[in-house]
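Read the structure below first, then the notes.
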């Protein structure tokens, strides 16, 4: 089975290409993973993936902007090519079969402000009539 899925951040805005009668959308995604090495130091490891989307997910993929957090599920494929010097090269591409765009990463200030605004204001205006109610 060839299946890959991950959550990461888009490294560039989606680009749309017309291929015959079909559209192809491409963008890159950075996936971060942190771990402690043998010395006990924290290491951040970032893997970059080239994504290409065809078919029913194209419209969703067109909405991806640099910095958006995205979930990708698809197939991992290799592509052989030659560089400018004529050397044979191989790169890996993820063919996105499912995509969910969570949007841009919120800044901590925005999160705390929106959380504060979302909390209802509480006021104490109880009267003696309210205190006699059974609920």
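Couple of notes before you dig in:
- Test result for residue 102, closer than 18 Å to residue 6 by Cβ and modelled with pLDDT of 95 or more: no
- Within region 48-66, the only residue that satisfies the criterion of being surrounded by fewer than 12 Cβ atoms within 10 Å (Cβ to Cβ) and part of a strand (DSSP E or B) is 48.
- Top-ranked residue in region 27-40 [being surrounded by fewer than 12 Cβ atoms within 10 Å (Cβ to Cβ) and within 27 Å of the chain's Cα centre (by Cα); ranked as nearest to residue 11 (Cα to Cα)]: 32
- Residue 77 under 23 Å from residue 22 (Cα atoms), surrounded by fewer than 12 Cβ atoms within 10 Å (Cβ to Cβ) and at pLDDT 90 or above: no
The values are calculated or read from the model by the stated rules, or taken from the named source; none is laboratory data. None of the values given here were measured: they were computed from a predicted structure. Quick reminder, even Gly has a Cβ in these numbers, built from the backbone with ideal geometry, and neighbours come from all protein chains shown.
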